[in-house]
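Here's the structure we're looking at; comments come further down.
What follows is calculated from the coordinates using simple rules that are stated; it is not laboratory data. Small disclaimer: the values here were computed from a predicted structure and weren't measured. Don't worry about glycine lacking a Cβ; one is built from the backbone with ideal geometry, like all the others, and counts go over all protein chains shown.
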Amino acid sequence: MSRRAPRLPHVFVDRSLGRILVPQLLREAGVQLTTLAEYYGIPQDEGVEDVTWIAEAAQQGWILFMKDDRIRRRPAERAMIHQHQARCFCLANANLRSSEMAQCYLRNLPAIARAGAQPGPFLYSVQAGRIEKLAIS
């Protein structure tokens, strides 16, 4: 029996999580997603600023997966999260291998699905066994 993802909104995966392994592992679990590289193309994806992809992915109604929470400390990115009611999920530990990053998201899919069904703006930290809402004000 294959493990299937709970009902999630479509997911946008930032380049910080990588182009191949993390998206592949999430898709194998049933997550419907678009990577930054798929959306913008290669090599254009390397030049897309965070404020741009946050705004455009949020306007699509997608939830956003990213690698680390430093985005909440950057005024322009924080403003985009608020302005576009972005629903964001970042890893608590940015020093993980790709398979470990994917596992953090996969272990928390039920909680991510519940949180992702709520209106934004918000930013959750995705940890080994839970998610935690972070202040983005």
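Is the shape of the stretch 84-137 best called rounded, prolate or oblate, per the rule: a/c under 1.5 gives rounded, else a/b larger than b/c gives prolate, else oblate, with a ≥ b ≥ c the square roots of the Cα gyration tensor eigenvalues? Mind dumping the intermediate values first?
Details: a/c = 2.29, a/b = 1.57, b/c = 1.45.
Prolate.
Over the chain, what is the percentage of antiparallel beta bridges among all DSSP beta bridges, to the nearest 5? Working shown, then result.
Working: 4 of 19 bridges.
If I count the DSSP bridges inside the chain, around 20 percent turn out antiparallel.
Counting other beta carbons within 10 Å of each Cβ, put Thr35, Thr52 in order, fewest first. Don't skip to the end; give the middle numbers.
Numbers: Thr35 22, Thr52 13.
Result, fewest neighbours first: Thr52, Thr35.
Shape of the stretch 11-134 from its Cα gyration tensor (a ≥ b ≥ c, root eigenvalues): rounded if a/c is under 1.5, otherwise prolate when a/b > b/c, or oblate? Write out the running numbers ahead of the final one.
Values: a/c = 1.40, a/b = 1.08, b/c = 1.30.
Rounded is the answer for the stretch 11-134, as its axis ratio a/c remains below 1.5.
Before anything else, pin down the relative contact order of the stretch 93-137: Cα pairs under 8 Å, at least 6 apart, normalised by residue count, whole percent. Please list the in-between numbers first.
Details: 34 pairs, mean separation 16.0, N = 45.
Reported relative contact order: 36 percent.
Could you tell me which trypsin sites (Lys or Arg not before Pro) in the stretch 31-137 are loop residues by DSSP with no more than 16 other beta carbons within 10 angstrom of their beta carbon?
On the way: sites: Lys67, Arg70, Arg72, Arg73, Arg78, Arg87, Arg97, Arg107, Arg114, Arg130, Lys133; in loops: Lys67, Arg97, Arg130.
Here the trypsin sites (Lys or Arg not before Pro) that fit, given the DSSP loop and packing criteria, are Arg97, Arg130.
Rank the residues Met80, Met66 as a footprinting-exposure proxy: fewest other Cβ atoms within 10 Å of their Cβ go first.
Values: Met80 22, Met66 25.
Going from least to most buried by this count: Met80, Met66.
Below 8 Å, C-alpha to C-alpha, sequence gap of six or more: please give me the relative contact order for the chain in percent. Working shown, then result.
On the way: 237 pairs, mean separation 35.5, N = 137.
Computed value for the chain: 26 percent relative contact order.
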